[in-house]
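*Asks:* Sharing a structure, written as structure tokens. Questions coming.
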Amino acid sequence: MADTAARPVDFDLHGAVGVRLLGASASDAAAVRRQLGPIERPLSRPPDIEIEYVDRLQSDGPVRAIGRDDAAFDRSSFVLLRGRFKAPVRVAIPFDRVGGPCRIVAERGVGTIPLLVPIVNLTALGHDLLPIHASAFVHDGRGVLVTGWAKGGKSEVLLAFAARGASYVGDEWVYLADGGARMVGLPEPIRLWDWQLRAMPEFGARISRSQRARLATTRAFGAAIGGAAGAPVVRRTAGGRTLRRARPYVDRQLDVQVPPARLFDGRVLAAGATLDRVVFVESVDTLPIVVEPIEGTEIARRMVHSIRHEWLDLWTAYLKWRYAFPDRPNAHLEGLEASLSERLIGALAGRPAVVLRHPYPPDIPALADALLEHLG
């Protein structure tokens with residue numbers, strides 16, 4: 001108990017969503033800082049999301065399981081039993097209240113709070129901040145929003161313009177405010193993959209020595225697994241099949257997380273920027289890179305489903321909640337598609353926009369070359 005914070009720990013997302021930790025240990029508070037980025041500051045208003053940490057969750061009657069060690073419920077509460085990377089946790093979330101004022105109760109030592117970012121995003125949607133899965137930056141005085149399906153090239157465009165002196169607004173999640181006139185970011189660390197660092201060696205010096213060493217070790221381990229799995233005497237054996245299944249898992253560890261300020265040499269616009277141009281990214285199987293005009297309304301209609309896909313884990317947990325408590329729906333989640341559609345069309349319709357189609361993985365510097373003349 002000596003590690004427990006004596007005072008609440010508050011986080012404030014652009015004055016719209018407040019998160020308060022009660023009874024958090026130093027390690028639990030640090031885990032939430034990593035999730036939300038450097039937005040820790042005292043709240044001058046009641047929090048939207050309270051997270052209370054306890055030594056042990058109390059049960060209200062018999063506990064019934066949902067799935068195999070995934071979730072459980074009793075007469076009044078619903079508890080998630082798996083967190084990040086399927087790690088065992090015990091976190092009670094009232095899914096009928098997320099999106100509005102709610103209190104999450106977690107056992108100390110949980111670390112990362114499951115589903116915290118999508119819960120924050122759903123809450124932001126009700127507070128005039130429209131969350132969109134995107135990257136955003138300012139180049140030559142113009143604010144650029146880059147969006148599309150996951151792995152479509154958003155972060156690669158951000159890196160291409162970072163190398164050309166752009167200022168950072170956001171990556172992964174960007175929020176549109178004032179009807180889409182302004183955009184702000186969630187300043188969480190930027191995930192860089194090994195292949196991106198090798199394509200943009202100027203960023204290699206901006207990761208730590210220990211991160212470079214870990215990447216080199218993981219790369220060598222993956223190559224060794226691949227070589228062993230492909231050896232003629234192993235290829236057709238059960239061991240060879242196991243090694244081939246293991247290789248993708250190892251390759252997924254070839255990433256590092258870098259604070260935006262380090263990657264952008266301090267050029268971070270914490271207060272956000274105006275939204276002047278929209279870039280919709282798509283990966284295709286042909287060359288060359290193509291940039292063409294596109295209607296903002298079309299982008300909005302597609303991104304409704306991209307955002308919903310990013311919240312699949314939240315939706316899956318909510319369906320388990322509805323199984324446990326079929327008479328306690330959540331109006332925010334039940335009306336999510338209609339709400340996102342209306343807000344996105346209102347924010348993006350009529351805005352100058354282009355679609356960027358490129359092969360994947362892309363030639364990162366060439367993305368900026370292709371876009372420059374269209375951002376003026």
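*Asks:* Going toward the positive end of the dipole of the chain, with +1 on Lys and Arg Cβ and -1 on Asp and Glu Cβ, which of Gly111, Ala87, Pro329 do you reach last?
*Replies:* Among Gly111, Ala87, Pro329, the one farthest towards the positive end of the dipole of the chain is Ala87.
*Asks:* Just to confirm, what accessible area per residue do you get for the stretch 1-83 at 1.4 Å probe, in whole Å²?
*Replies:* Details: 4300 Å² over 83 residues.
Result: 52 Å² of accessible area for each residue.
*Asks:* Summing +1 for each Lys or Arg and -1 for each Asp or Glu, what net charge is found among the other residues whose Cβ lies under 15 Å from the Cβ of Trp315?
*Replies:* Cβ neighbours under 15 Å give a net charge of -3.
*Asks:* For the chain, what class follows from the C-alpha gyration tensor (a ≥ b ≥ c being the square roots of its eigenvalues): rounded when a/c is under 1.5, otherwise prolate if a/b is larger than b/c, else oblate?
*Replies:* Here the chain falls in the oblate category.
*Asks:* What list of ³J(HN,Hα) couplings, whole Hz, do you get for the stretch 339-352 from phi and the Karplus terms 6.51, -1.76, 1.60, once you set θ to phi - 60° and write x for glycine and proline?
*Replies:* Along the stretch 339-352, the couplings run 5, 4, 4, 4, 6, 5, 5, x, 7, 10, 4, x, 7, x Hz.
*Asks:* For the stretch 158-263, report the accessible area per residue in Å² (1.4 Å probe, heavy atoms, rounded to an integer). Each step should come with its number before you reach the end.
*Replies:* Working: 5130 Å² over 106 residues.
Spelled out: the 1.4 Å probe surface of the stretch 158-263, per residue, equals 48 Å².
*Asks:* When a/c reaches 1.5 or more, the comparison of a/b and b/c decides; with that in mind, is the stretch 76-212 rounded, prolate or oblate per its Cα gyration tensor?
*Replies:* Oblate is the answer for the stretch 76-212, as a/c is 1.5 or above yet b/c matches or exceeds a/b.
*Asks:* While we're looking at this one, here's another question. If I stretch the segment between Arg244 and Leu43 completely, what's the gain in nm (0.36 nm per residue apart, minus their alpha carbon distance), one decimal?
*Replies:* 67.3 nm
*Asks:* Where the accessible area of the chain is counted over protein heavy atoms with a 1.4 Å probe, how much of it, in %, is carbon and sulfur?
*Replies:* Its accessible area is 54 percent carbon and sulfur atoms.
*Asks:* I would also like to ask the following. Just name one of Phe221, Val256, Ala29: the one whose Cα is farthest towards the positive end of the charge dipole of the chain (beta-carbon charges, Lys/Arg +1, Asp/Glu -1).
*Replies:* Projecting each Cα onto the dipole axis, the largest value belongs to Phe221.
*Asks:* Still on this structure, I have one more. Using unit Cβ charges (K, R positive; D, E negative) and no other charged atoms, how large, in debye to the nearest 20, is the dipole of the stretch 25-107 about its Cα centre?
*Replies:* Working: 14 positive and 12 negative charges, 53 e Å.
That gives a dipole near 260 debye.
*Asks:* Next question. Rounding to the nearest 20 debye, state how big the charge dipole of the chain is about its Cα centre with +1 on each Lys and Arg Cβ and -1 on each Asp and Glu Cβ. Present the calculation step by step, with values, prior to reporting the outcome.
*Replies:* Values: 48 positive and 42 negative charges, 306 e Å.
With Lys and Arg at +1 and Asp and Glu at -1, about 1480 debye.
The values are calculated or read from the model by the stated rules, or taken from the named source; none is laboratory data. The shown structure was predicted, so the numbers you read here are calculated from the model rather than taken from an experiment. Positions of Cβ are generated from backbone atoms using ideal geometry, with glycine treated the same way; all protein chains shown enter the neighbour counts. Accessible surface areas use protein heavy atoms only, side chains included; no ligands, DNA or RNA. Shrake-Rupley method; radii C 1.70, N 1.55, O 1.52, S 1.80 Å.
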